[in-house]
Each structure stands twice: as structure tokens, then as C-alpha cells.
């Protein structure tokens, strides 16, 4: 019996009133108008969608006057700007749809005119050639005329121009030729086409393999040639160094020859490897002459004989004998 008292109904009524107040608030009404605008846009009702966005912006303006919270004001201000932007976008989309509609109507009008011209031409050709045409051709022409008349009666000219049936007489006379596929479609390949493609691919791979093998052989031959040239240069360098060492050894072992040439008679020092090549050649020749292989320098080895003593110039007032006596006494 307590449920019949006045307390509980008052609470229910207060809750209902509060809910009605929330439903009728400007912010909630703005959200409802936004959802209606989306539904109208999907249905193609652009004018109604624009009107809903205008109402939503107005409700948000009213809601901003009822609060002092900075965050709430910023959120509602951003929503209002979004509704204004959506109005411009919907208008642009509406204009684009109108242009497409006008273009579609123009194409349909041209299709109807073309269909009327074809029908008139077919009727004239049927009237002129019906007597001389064979029975099969007559039947095909009647079928073509029947199909064209049925398409016109059913509103076939009002369909999309890309989906219309071919309207040439040759198409119906040949029994209907399969339409060519679109450029973007992929035609399935049969076994013969796949096998031919594999053969072509294999031939290309074999040709590339042959080119690589020929390049490999050429590079290998170049490598062998360069290696042989390197070995030859190294052998020449070794022979040259051996000849230089032998010539230096012969020059060190023949002090008489060095004395005859005016060279110092001594052993090899640390600077022997800096001997000039011409001198080394001469020393090698002298070593060969000493071993009995023939004179290398016949004019240089000829004895000069007895030479007269050198005469020193005399100086007045200066006696060399007295100088010698003084040096001997000391």
C-alpha cells in the first residue's frame, strides 16, 4: 500500500520531467539534427541535409549561452564549425550530383535519338529489300525489329548508356556477338597460352645464361693474360736484380781492375747498391775479361810505360832542400 502513496509517483514524475528536459535541451537537439542530416545525405536529399546542419548550428549557439565551462564552450564551438563546414561540403556535393544528372539526361536523349534513327533506317531497309531477301534474312530482320520495339516499349533507351544493348543490324543478323570485355578485366588463360608463355620465358632465361657464360669466359681469359704478364714482369725484375748482384760481386773480387780504372781498392761498402748502371755494365765487362772471355776495355788496360818525373815550379827565395832538411830533423 505504500506504493500508492504520493512519494513514489512524485519521484517518477520528477525523473520523467528531468528526462524530458534533457531530451529537449539544445545540445541534444543539435545531435538529433546531425543524425538526421546524415540520413538525408545517404538518401540523396541534399537540401534537407543542409537544413538539418543549419538547425544543428543554431541549437549549438543556444547551448553555448547556457554554460560557463571553458571546455564545454570549446567543444560546442568546434561542433558548430564542423556543421558549417558540412554545409559547404553538402552544397558542393549537390552541385556535382546535378551536373552528373544533366550529363546523364543528355546521354539518354542522344540514345533515344539514335534509337529512333536506327528504327527508321531498319524500317526503310525492310520495306525496300523484303522482296529480294531470303527467308533466313527476313526472319533475322523481323527478330531485330521485334527486339528494338520491345526495348523502346520497356524504356530501354532510358537505361544507363553503358548498359544498353547493341543497336546495330549486323549484331542481330550474326546471331549476337559476345561483347568485348572491359580493359580492366583479366581474361582467363588456357593451357596452350600458359605453355607458350613458359616456353618464351625459358628461352629468355637461356639467352641470358648464354650471355653470362660468354662474359665469364672473356673475363677469365683476361685474368689469365694479366696473370701471365705479371709473372713475366716479375721474372724480368728477378733477372735484372741477379745481374746487378753478379756484377757487384765481380767488381768486388777484382781489385786490380778497380785500380786500373782509378777506383778505390777496397771491399764493398754499404753504398754498393747505389752504383750507376753504366759503371755496373763496365764492371761486368771487366769481370768477363778477367775470366778469359775477351777484353772489355782494351785501351784502358794498355800499359803506359815509363813516365818522366813531375817538375815542380821553383820559387825565388825558397829552397826546397832546406825545407826537407828541417822536416827530417824534426
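The values are calculated or read from the model by the stated rules, or taken from the named source; none is laboratory data. Please read all numbers here as calculations on a predicted model, not as lab measurements. Cβ sites come from the backbone with ideal geometry, for glycine too, and all protein chains shown count toward neighbours.
Condition check ((1) in a helix (DSSP H, G or I); (2) within 12 Å of residue 27 (Cβ to Cβ)) across all residues:
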{"position": "40", "(1), (2)": "yes, no"}
{"position": "47", "(1), (2)": "yes, no"}
{"position": "54", "(1), (2)": "yes, no"}
{"position": "63", "(1), (2)": "yes, yes"}
{"position": "68", "(1), (2)": "no, no"}
{"position": "85", "(1), (2)": "yes, no"}
{"position": "88", "(1), (2)": "yes, no"}
{"position": "93", "(1), (2)": "yes, no"}
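Scan 121, 144, 72, 127 and give me the residue that is part of a helix (DSSP H, G or I) and at pLDDT 85 or above.
Details: 121 fails: at pLDDT 85 or above; 144 fails: at pLDDT 85 or above; 127 fails: at pLDDT 85 or above.
None of the others qualify; the one that does is 72.
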